[in-house]
1. Quick one: would you say A:A139 is more than 14 Å from chain B (Cβ to nearest Cβ), under 20 Å from A:A202 (Cα atoms) and touching a helix residue (DSSP H, G or I) at 6+ places or on another chain (Cβ under 7 Å)?
2. I'm told B:M240 meets every condition in (1) within 14 Å of chain C (Cβ to nearest Cβ); (2) touching a residue at least 60 places away in the same chain (Cβ under 8 Å); (3) assigned to a helix (DSSP H, G or I) except one. Can you identify the failing condition by its number?
3. Any chance you could count how many residues in region C:27-47 are near ligand 1 (Cβ under 7 Å from one of its atoms) and on the phi > 0 side of the Ramachandran plot?
4. Which residues, counting only those in region C:145-184, are crowded, with 21+ Cβ neighbours inside 10 Å, away from ligand 1 (no atom under 16 Å from the Cβ) and more than 14 Å from chain B (Cβ to nearest Cβ)?
5. Give the residue that is farthest from B:E184 (Cα to Cα), with candidates limited to residues of region C:104-129 that are under 22 Å from the mean Cα position of the chain (by Cα) and outside any helix (DSSP H, G or I).
6. Scanning for something surrounded by fewer than 19 Cβ atoms within 10 Å (Cβ to Cβ) and on the phi > 0 side of the Ramachandran plot, does region C:63-71 turn up at least one residue?
7. Restricting attention to region C:34-52, which residues are surrounded by 23 or more Cβ atoms within 10 Å (Cβ to Cβ), outside any helix (DSSP H, G or I) and either within 16 Å of ligand 2 (Cβ to nearest atom) or among the acidic types (D, E) (or both)?
8. Evaluate region C:184-191: report whether one residue or more is within 24 Å of C:N9 (Cα to Cα) and away from ligand 2 (no atom under 16 Å from the Cβ).
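The values are calculated or read from the model by the stated rules, or taken from the named source; none is laboratory data. Worth saying up front: this structure is predicted, and the values here are computed from it rather than measured. Cβ placement follows ideal geometry from the backbone for every residue including glycine, while neighbour counts extend to all protein chains displayed.
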Amino acid sequence: MLEHVVNGLVLGGTYALVAMGLTIQYGIARIMNLSFGDTIIAACFGTYVLFSTLQINPILALAVVVPLGYAASLLIYRVIMKPLVDRAPSDGALEVDSILVTFGLLFAIQGVLLIFFGGGYTSYSFLNTPVNVLGTAVAGNRLLALGLSLVIAAVLVLVLYRSRWGMMLRAVALAPQSAPLFGIDTDRAARTAFAIGGALAATGGVVVSMFQTFTATGGVVFTMKALIVVILGGKGSVPGAIVAGLLLGLVETFVAAYVDPGLTLAAVYTVFLVLLLVRPNGLFGKA
Amino acid sequence: MTMKPSIAFPVAAAVLAVLAAAPLFIPDYWTGVLLGMTGYVTLATAWALFSGPTRYVSLATVAFFGVGAYVVAVLNEALPYPLVLLSAAGIGMILALAVGLSTLRLAGVYFVIFTFGLAELVRQTVSWWEVNITYTMGRYVFLPFEGRHIYWQLLALAAVTLLISWAIGRSRLGLALKAIGDDEVVAAHAGIDVTRVKLLLFVISATLITLVGAIQAPRWTYIEPSIVFNPTVSFMTLIMALLGGPMRLWGPALGAIPLFLLFEWLSVSFPDHFSIILGLLFILIVFVMPQGVLAKIDDIRKGGRA
Amino acid sequence: MSEALQISNLHKRFGGLIAVRDVSFSLAPGEVVGLLGPNGSGKTTVMNMISGALPCDGGTIRLGQTDITKMKPHRVAKQGVARTFQLVRPLPTLTVGENVLLSLAFGHRRHWGREARELVEEKLAFVGLAGRGDEQVSNLTYIDQKRMEMARALASEPELLLLDEWLAGLNPSELKIGIDLVQHLQGQGMTVLLVEHIMEAVRALCSRCIVMSAGEVIAEGPSAEVLAQPAVIKAYLGDDHA
Ligand SMILES: Nc1ncnc2c1ncn2[C@@H]1O[C@H](COP(=O)(O)OP(=O)(O)OP(=O)(O)O)[C@@H](O)[C@H]1O
Ligand SMILES: [Mg+2]
């Protein structure tokens, strides 16, 4: 029982982490990014390559993969998203355009990964020693993953809610039309937000790769779960993403443990639908 | 289309007759190409039936397509063929009703997200069912069909789909759909039951898509979830319909024909890079529509009428 | 005799804001009644609740003998309620004629085919858009869009017409045409609830007025009397003028 709670929290922690990335991209940059999960998978493979060929430990890999995720996302925003943002006559049109373009991007990233790594399941063994937590054995890499997720999430929340810069980003999320009136460069905010989202996806990828197997085609499921967490938490709400992420991780782990591992996605969908019908604006969304 | 029905119908009937006769004169390989093309013409037209006017982008094409194929795989030895097809259509319809009822009253973006993961959900659930309940993984389809038999069935389905699309475009329902695409609030105040209209169209569209999967199933002989729930199918259908213009009767078909041939050639010439090329091509298509896809849809619509 | 519209104790809140508080009034058949009040007093919200666009948080709305409180907009429309919107909402991908045809096809009485086409032409002619059914909506001027919206509302052959500042934004000569149009409807016995800021129009059209302020009805009665009440003047113009 306790073992499942810990495992659920580990999984939930990573969901919360990546969902924060997605919610920042959607809430501030207004891009609904369907290739988000493939960014995560790309980071998984990046970490794997660093670890298995160069013996670089995943924690150090963060220092390489995360800036790469940031830079790549920045580039994608500049080249692909910006023209769409500029030409979109309305938020609705941008939403459709961004969904379509990132759907294309998903296939492109997946194609690249398939060429390099093939379609099979990949994993590596890092810190796989059991650690005793309150009487149950938990793999060290899982604990590390949970720790990393919590620390990074906490830093992000602090930055968003305590710094000037975070306030600017939140202002753009709340009032995109009036933010420029206060001298906020919304274009820069959007660009930065999209890149931060990419960096968080990369972080999530590094963390996930430490304790889970992954495949080149697994991005869709990650995107799906991150999207569900974002919606459950309320669009653009960081605390919401954290709570919803942990909830989803627990639900998934318990279903896998007590019902059947093959039904986790079905369980996630059910939670999603029920909550959507009961609280259409998410747990923390404004009415 | 600007052609009068009195001319258009005989022309369409003649084209249909030529297409139906084609397998008797061309090599089997080309019958196979025609078959695949007809499948995508039907998929794209059926997709656009719902997603064109309502602007609810459905990414779940392969969920229904796969269900159709799988039902045939499960039932092909248990029931006579027409009943198998009927069951497939019925199951697709029920699935569409369930999805539609739970998502269509919500904002469009929830629908997109839900459909995005639906194929994966159905695939995992079917796999789970097969492994844990029926103890099988992979099934064989034994039906006495050659390529041209499947092709003829698909051709008939394509004709029916186009006919349905044509009839809806001229009916009260078609007007309601256009109004919903423009402004749901105004549509509702004019007396349209918006959720019901969307649901009805989604179910019609999904049922047709399910049938395409069901009819094509015998082509594989061996079927397992990862084969029939291949997300590329959703993706290609979407590109084809968007390229051709989902608001026109012939738009999706006109998009499907060249793109299918292109994809066929690409998948043979660059089997490893297919997915990348597909993705980039799609991004390009979204980009060459300078005012955004929605505006492009409107342009085409105005251009078509003027 | 039964009322055409009877509203009792209507309530609506948006989060912490009470937009409509305990509002009750009724309209007799064939009556044209003005619903007045300063900006943000809750007039549009009342209209939205009658037409089903917003759910009520309390109270009841009866149309003749029918309780329409909980009905969705399309069902309210089928009961014979039609409306215009404060900001015109033409359907841009439909032609002018198709915009009107829409409420003929789905509204209170359902028409389709040749008969519907003739009715569209009739409604367009009534609002002064004769022969313009095939035009794109985007080519219409502002007043013509307002006319089209009126034709769309009338096409459902409603028993109750809700006009939300339909006359706003018109120049003096257009205003005259607009007032004539509503008077014409009045002559045909249509029941109309009219939200309006233009006093000239209210005096010309409404035998009776209901005045709202901050979500509550503060005055009700024959137009001339109500408009002269100090409380009404105060609500509109502030304390200095009372
Ligand atoms: N959907 C909504 N959500 C939140 N608040 C709303 C909503 N609609 C209206 N309000 C608020 O309710 C109050 C009443 O608004 P309403 O539009 O009914 O006023 P009104 O009398 O029509 O004003 P006007 O003359 O400007 O049209 C206002 O304070 C408005 O901000
Ligand atoms: Mg108003």
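1. Here the answer is no, as A:A139 does not meet what is asked.
2. Unmet for B:M240, out of (1) within 14 Å of chain C (Cβ to nearest Cβ); (2) touching a residue at least 60 places away in the same chain (Cβ under 8 Å); (3) assigned to a helix (DSSP H, G or I): (1).
3. 3
4. C:R147, C:G178, C:V182
5. The selected residue is C:G128.
6. yes
7. Passing the criteria: C:G34, C:L35, C:L36, C:G37, C:S41, C:G42.
8. First pass over region C:184-191, keeping only residues within 24 Å of C:N9 (Cα to Cα): C:191.
Filter once more, keeping what is away from ligand 2 (no atom under 16 Å from the Cβ): C:191.
Within region C:184-191, one or more residues are within 24 Å of C:N9 (Cα to Cα) and away from ligand 2 (no atom under 16 Å from the Cβ).
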